[in-house]
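Novice: Please see the structure below; I have some questions.
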Amino acid sequence: MDKPAFRREMRRRRAAFVAALPASEREALLAALAERLLALIPDTGIVAGYSAYGDEIDVSALGTALGDRYALPWFAAREDPMTFRRAGTAREDGPFRIAQPTADAEIVEPDVLLVPLVAADLAGNRVGQGKGHYDRALAGLAARKPILTLGIAWDVQVVEALPPDPWDVPLDRVVTPSRILG
Ligand SMILES: Nc1nc2c(c(=O)[nH]1)N(C=O)[C@@H](CNc1ccc(C(=O)N[C@@H](CCC(=O)O)C(=O)O)cc1)CN2
Ligand SMILES: Nc1ncnc2c1ncn2[C@@H]1O[C@H](COP(=O)(O)OP(=O)(O)OP(=O)(O)O)[C@@H](O)[C@H]1O
């Protein structure tokens with residue numbers, strides 16, 4: 001199966017899982033994920049999360065818990081590289097129609113990067129949106145300072161093995177509501 005077909009297949013699998021997930025169970029899984037993440041994340045440093053959209057797993061509870069230390073991806077335009085700004089509380093829609101901090105929020109360099117996944121394997125190889133935003137961010141940030149990278153997903157998004165592309169930078173850990181891999 002080629003990568004676009006695999007990505008579609010995994011998005012379908014995620015959609016089917018989320019559609020069948022009762023609200024109460026969803027809340028329990030989100031709380032379990034936030035708790036696992038809080039236990040893994042060091043006590044200091046900037047943590048870049050993401051504003052979940054569609055069927056992605058929501059990490060906003062972690063953002064609330066981290067307060068000032070929480071940052072989000074920020075884009076001026078679709079073609080621009082991904083940057084990060086302190087999350088604060090104000091949000092506006094970015095060019096991908098994903099909520100982001102306002103343009104006056106401080107630019108920051110994360111020490112911990114939460115990476116929303118379409119799929120990952122047991123070794124931390126990853127498939128995302130396919131636009132290379134996280135591929136480039138992982139390469140760029142890691143060249144400047146040590147960074148902890150945590151892939152975030154529902155359990156159904158984890159597969160045994162994915163063939164990595166040459167530019168792929170494996171994740172340090174993959175975290176789901178029930179497991180920490182890696
Ligand atoms: N919640 C969240 N925030 C994120 C990402 C992500 O995957 N999830 N990103 C990850 O890089 C970055 C934004 N990059 C993105 C790149 C492409 C699309 C996009 O095209 N989405 C549409 C169309 C997909 C398609 O090409 O078919 C979609 O999902 O329907 C979205 C975000 C940073 N913020
Ligand atoms: N370090 C990099 N610098 C420039 N371009 C890159 C880099 N890494 C990847 N790319 C390009 O970005 C695209 C990423 O496609 P790929 O299918 O690997 O996305 P992905 O695994 O879903 O990851 P992402 O979540 O980063 O989009 C490819 O076209 C690749 O050539």
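Novice: Taking the stated definitions as given, is Ala77 open to solvent by 20 Å² or more (accessible area, probe 1.4 Å), more than 11 Å from ligand 1 (Cβ to nearest atom) and more than 30 Å from Val156 (Cβ to Cβ)?
Specialist: Numbers: open to solvent by 20 Å² or more (accessible area, probe 1.4 Å): yes; more than 11 Å from ligand 1 (Cβ to nearest atom): yes; more than 30 Å from Val156 (Cβ to Cβ): yes.
Judged against the criteria, Ala77 is a match.
Novice: Still on this structure, I have one more. Would you tally the residues in segment 100-146 being of a type in the set (Gly, Ala, Ser), within 14 Å of ligand 1 (Cβ to nearest atom) and buried (at least 17 other Cβ atoms within 10 Å of the Cβ)?
Specialist: Residues meeting the conditions: 4.
Residues are listed down the side, and each one gets a yes or a no for (1) more than 15 Å from ligand 2 (Cβ to nearest atom); (2) among the aromatic types (Phe, Trp, Tyr):
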position: Ala61; (1), (2): yes, no
position: Trp74; (1), (2): yes, yes
position: Leu113; (1), (2): no, no
position: Arg136; (1), (2): no, no
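Novice: Under 9 Å by Cβ, and 6 or more places apart or on different chains, what pairs join a residue from segment 19-38 that is within 19 Å of Pro116 (Cβ to Cβ) and assigned to a helix (DSSP H, G or I) with one that is acidic (Asp, Glu) and open to solvent by less than 70 Å² (accessible area, probe 1.4 Å)?
Specialist: Going by the 9 Å Cβ cut-off, the qualifying pairs are Ala19/Asp55; Arg26/Asp58; Leu29/Asp155; Leu30/Asp58; Leu33/Asp58.
Novice: Can you tell me which residues in segment 147-182 are among the hydroxyl-bearing types (Ser, Thr, Tyr) and open to solvent by 70 Å² or more (accessible area, probe 1.4 Å)?
Specialist: none
The values are calculated or read from the model by the stated rules, or taken from the named source; none is laboratory data. No experiment lies behind these values; they were computed from the predicted model shown. Because the Cβ atoms are built from the backbone with ideal geometry, glycine has one as well, and the counts that use them run over all protein chains shown. What goes into the accessible areas is simple: the full protein's heavy atoms, side chains included, and nothing from ligands, DNA or RNA. Shrake-Rupley method; radii C 1.70, N 1.55, O 1.52, S 1.80 Å.
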